[in-house]
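*Asks:* The following block contains the structure, expressed as C-alpha cells.
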Amino acid sequence: MKANKENFDAIIIGSGIGGLVTASQLAAKGARVLVLEKYIIPGGSGGSFKRKGYTFDVGASMIFGFGEKGYTNLLTRALKDVNEKCETIPDPVQLEYHLPNDKTIAVDREYKKFISKLSEHFPEEKEGISKFYGTCKKVFNCLDSMPLLSIEDPAYLFKVFFKAPLSCLGLARWLPINAGDVARRFIKDAELLNFIDIECFCWSVMPALKTPMINAGMVFTDRHAGGINYPKGGVGKIAEKLVSGIEKLGSKIRFRANVTEILLKNKKAVGVKLSNGEEIYSDIIVSNSTRWDTFGLGNNDKGLIARDYVPKNEYKWSETYKPSPSFVSIHLGVDGGLIDKSFNCHHIIVDDWEELEDEKGVIFISIPTLLDASLAPEGKHIIHAFTPSSICEWDNLSRQEYLLKKENYYSFLIKKISKLIPNLDKNIDHKEIGTPRTHRKFLGRYEGSYGPIPNKKLLGLLPMPFNTTKIKNLYCVGDSCFPGQGLNAVAFSGYACAHKIGSKLNINNSKLPE
Ligand SMILES: Cc1cc2nc3c(=O)[nH]c(=O)nc-3n(C[C@H](O)[C@H](O)[C@H](O)COP(=O)(O)OP(=O)(O)OC[C@H]3O[C@@H](n4cnc5c(N)ncnc54)[C@H](O)[C@@H]3O)c2cc1C
C-alpha cells in the first residue's frame with residue numbers, strides 16, 4: 001500500500017463538469033487540488049471520444065450557459081476564471097420537434113419568432129403561450145441579474161440580497177413551484193400541454209408537472225438570451241480546457257485513478273483509496289460520483305462510504321428521488337450527401353404522447369457536424385441518437401441475448417431516424433452502440449442513469465440537496481445535487497461547492513463576481 005507525499009487542499013473524485021468546475025474554481029481561488037478520474041478522458045457525460053477520424057460527444061451536445069452577458073453563463077465564466085475560452089458556434093435553432101399528428105415545431109434562437117410560430121400551431125392559446133413563456137422569462141431575469149453562486153453561505157446570500165433584493169425575492173417565490181402547474185394557469189389545450197411536457201422532458205426527463213419552474217425558466221429563456229452554442233472541436237473541449245486551466249494553476253488531474261473508498265477517521269473524511277491500493281489524503285474530499293455510487297444507495301452493494309457511516313438523510317434522499325432511466329445511444333459516421341446543409345442540428349421524435357415516459361418512447365437526434373464540420377472526415381457527418389432505456393432491460397442477459405438486443409434497438413433507432421434522413425442504413429461508415437450497461441460502466445453511474453428524478457410530485461427544487469454532506473469534510477457535486485442535470489446546472493453545483501469549500505479555507509474573494 002502506497003501513500004501520497006504531496007499536499008492537496010482538496011481531492012475531487014471524478015472529472016465530470018461538476019467536478020471540474022469545483023476543481024477549477026478552487027484552483028482559481030489559490031487552492032491546490034487533485035482530480036481523480038477513473039476513465040481515460042475528462043468530462044464524463046460531457047466528454048468527447050474519437051474513432052476513425054470522427055469526434056463523438058459522449059452525451060451532452062445542446063449546450064446552454066455559453067452566453068456573453070448576465071450571470072447564468074456559467075460555462076463561459078468557469079473557463080474565463082481559469083484563463084481559458086472555448087470558441088463556440090451559435091445554433092440558429094435549439095431543437096426541432098417531430099410530434100404526433102404530423103406536427104413539426106422548431107424552437108428558433110429568436111424568442112419572438114418561436115412564440116409566433118408556436119402560436120400559429122395553437123391560435124386559440126396565443127395569449128396563454130405568451131404568458132407561460134413570459135413567466136419563464138421573469139424567472140430567468142431574476143437568475144440572470146444576480147451573482148447567485150452559492151446558496152449555503154448566509155453571508156454571501158446576504159450580499160447578493162443587498163445587491164439585487166427584488167430578484168432574490170422573485171426567485172424564492174418560484175423555488176417550490178413546478179413548470180406544469182404554471183403552464184396550467186395559462187393554457188387549457190391538452191396538446192399544447194403535451195408540448196410543454198416534451199419541452200421539459202427533453203432535458204429533465206420528466207413531464208412538466210414534475211419539472212421545477214426554476215430550471216424551466218432557465219432553459220426556456222437562456223436558449224433565446226445567451227442562445228445554444230456548440231463548442232468548436234466537440235463538447236469535450238469544455239472539459240479539456242478546464243483541465244488545462246487547472247493544470248496551469250498548479251493543480252493536478254490523474255486518469256485511470258479509480259477511487260474505491262473514501263477514508264474516514266473519527267467520522268471525518270480524510271482521504272481516498274484507489275483500486276490499486278494507493279491511499280491519498282486531504283482535509284477536503286469532493287465526490288462527483290452520483291449519490292447512489294457515493295453512499296451505496298438503492299441496489300448498490302457498496303458505495304465509497306462504508307455502510308455503517310452512511311448518513312440517514314442519504315437514505316431518505318433515495319426515497320424521495322429515483323434514478324431516471326438510462327439510454328441506448330448510437331454514434332454513427334455517415335455519408336455527408338444524406339443530410340442537407342439547411343437541416344437543423346437537434347431533433348426529437350415523439351410518435352405517441354402516451355408513450356412519453358416509456359422505454360423507447362422518445363428519440364433524440366443530434367448532428368453536430370452541421371455546426372462544426374471538423375468533427376468528421378471530409379464529406380461525412382456524425383449522427384448521435386438515443387432513446388430512454390432501463391437497466392432492468394439489459395441485466396441478466398446471456399452474451400448472445402445482449403448482442404441480439406443491442407442490434408434490435410439499433411434497427412429500431414435507424415428506422416425512426418430514417419423518417420427524417422432517408423436511405424440512412426445503406427450509408428453508414430461507422431457505428432457504435434451503447435446500452436445502459438455501457439453508460440454504467442464507462443461513466444461510473446448507478447444503473448447508467450441520466451440523473452435523479454422525483455419519486456412523486458415534489459415542491460419544485462426545494463428537496464434537492466446542496467453540496468455539504470452530514471460527513472464532515474465530505475462534499476458532493478454534480479447532477480445529484482441542486483439544481484440537477486445539464487452541463488450549466490452541474491457547473492452551478494461546482495461553483496457552489498467551491499464557494500462552500502472556499503469559505504472553509506478562507507480563500508473566497510470578499511467581492512461579488514462582476
Ligand atoms: C445521452 C445524454 C445526453 C445529454 N444531453 C445533454 C445536453 O444536450 N445538454 C446538457 O446540458 N446536458 C445533457 N446531458 C446531461 C449532462 O451531460 C449531465 O447532467 C452532466 O454532464 C453530469 O455532470 P456531472 O458532473 O454530474 O458528472 P458525470 O458527467 O457523471 O461525470 C462524473 C465523472 O466521475 C467519474 N467517476 C465516477 N466515479 C468515480 C470514482 N469512483 N473514481 C474516479 N472517477 C469516478 C466518472 O468516470 C465521470 O467522468 C446529457 C446526458 C446524457 C447521458
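The values are calculated or read from the model by the stated rules, or taken from the named source; none is laboratory data. Please read all numbers here as calculations on a predicted model, not as lab measurements. Virtual Cβ from ideal backbone geometry, glycine too; neighbours counted across all protein chains shown. For accessibility, only protein heavy atoms count, side chains too; no ligands or nucleic acids. Shrake-Rupley method; radii C 1.70, N 1.55, O 1.52, S 1.80 Å.
*Asks:* Leaving out ligands and nucleic acids, and using a 1.4 Å probe, what accessible area per residue does the chain come to in Å²?
*Replies:* On the way: 21760 Å² over 514 residues.
Value for the chain: 42 Å² per residue.
*Asks:* Taking 0.36 nm per intervening residue step and subtracting the Cα-Cα distance, what contour gain separates residue 307 from residue 266 on full extension?
*Replies:* 13.3 nm
*Asks:* May I pose another question? For residue 175 paired with residue 407, estimate the spin-label separation in nm (one decimal), with each label point 7 Å from Cα along the Cα-to-Cβ line.
*Replies:* 5.4 nm
*Asks:* What is the list of residues in the range 309-349 whose amide nitrogen lies under 20 Å from a point 7 angstrom out from the Cα of residue 472, following Cα to Cβ?
*Replies:* In the range 309-349, the label zone of residue 472 (backbone N under 20 Å from the point 7 Å along Cα→Cβ) covers 309-314.
*Asks:* For residue 85 and residue 374 in one chain, what is 0.36 nm times their gap in residues minus the Cα-Cα distance, to one decimal in nm?
*Replies:* Working it through step by step, the gained length comes to 102.2 nm.
*Asks:* What residues from the range 11-40 fall in the zone where the backbone N is under 16 Å from a label point 7 Å along the Cα-to-C-beta line of residue 258?
*Replies:* The answer is 14-15, 36-40, whose backbone nitrogens lie closer than 16 Å to the label point.
*Asks:* Same structure, new question: Roughly how compact is the range 15-102, stated as its Cα Rg over 2.2 N^0.38 Å to two decimals? Walk me through the intermediate numbers first.
*Replies:* Numbers: Rg = 16.1 Å, N = 88, 2.2 N^0.38 = 12.1 Å.
Computed over Cα atoms of the range 15-102, the ratio equals 1.34.
*Asks:* Could you state the number of Å between the C-alpha centres of the range 435-497 and the range 305-384?
*Replies:* Centre-to-centre distance over Cα atoms comes out at 17 Å.
*Asks:* When the gyration tensor of the range 97-214 is built from Cα positions, what are the square roots of 5 times its three eigenvalues, in whole Å, from largest to smallest?
*Replies:* Ellipsoid half-lengths, sorted descending, are 31, 14, 12 Å.
*Asks:* Right, another one. Could you tell me how far the Cα centroid of the range 13-41 sits from the Cα centroid of the range 108-156, in Å?
*Replies:* 32 Å
*Asks:* Rounded, prolate or oblate for the range 454-494? Axes are the square roots of the Cα gyration tensor eigenvalues, ordered a ≥ b ≥ c, and the cut-off for rounded is a/c under 1.5.
*Replies:* oblate
*Asks:* Put +1 on the Cβ of each Lys and Arg and -1 on the Cβ of each Asp and Glu in the chain; which of 21, 134, 225 then has its Cα farthest toward the positive end of the dipole?
*Replies:* Value: 21.
*Asks:* Which of the peptides 354-364, 443-453 is most tightly packed, and how do the rest follow, going by the mean number of other Cβ atoms within 10 Å of each residue?
*Replies:* The peptides rank, most packed first, as 443-453, 354-364.
*Asks:* Report the Stokes-Einstein translational diffusion coefficient (µm² s⁻¹, integer) for the range 388-446, Rh taken as the Kirkwood radius over Cα pairs, at 10 °C with viscosity 1.306 mPa s.
*Replies:* 123 µm²/s
*Asks:* Using the C-alpha gyration tensor of the range 246-360, what are the square roots of 5 times its eigenvalues, in whole angstrom, with the largest one first?
*Replies:* After scaling each eigenvalue by five and taking roots: 39, 24, 12 Å.
*Asks:* Take the solvent-accessible surface of the protein heavy atoms, probe 1.4 Å, and return the percent of it on the range 25-119 that carbon and sulfur atoms account for.
*Replies:* 52 percent
*Asks:* Which of the trypsin sites (Lys or Arg not before Pro) found in the range 194-270 are in a DSSP loop and have at most 13 neighbouring Cβ atoms, other than their own, within 10 Å? Before the final figure, lay out each step's value.
*Replies:* Numbers: sites: 210, 223, 232, 237, 241, 248, 252, 254, 256, 265, 267, 268; in loops: 232, 256, 267.
Filter output for the range 194-270: 256, 267.
*Asks:* Same structure again: Within the chain, which complete DSSP H helices have Cα atoms spanning at least 24 Å along the helix axis and a mean Kyte-Doolittle hydropathy of -0.5 or higher?
*Replies:* Passing helices, by number: 126-144, 487-505.
*Asks:* Each label point is 7 Å from the Cα along the Cα-to-Cβ direction; what then is the distance between the points at residue 441 and residue 119, in nm?
*Replies:* 5.2 nm
*Asks:* Of the cross-linked pairs 50/415; 163/456; 131/360; 85/406, which ones have a Cα-Cα span greater than 30 Å in the structure shown?
*Replies:* 163/456; 131/360; 85/406
*Asks:* Please figure out what share of the DSSP beta bridges in the chain is antiparallel and state it in percent, rounded to the nearest 5. If you can, show how the numbers build up before the last one.
*Replies:* Details: 51 of 70 bridges.
Just about 75 percent of them are antiparallel.
*Asks:* Rounded to whole Å and sorted largest first, list the principal axis extents of the Cα atoms in the chain.
*Replies:* 62, 58, 41
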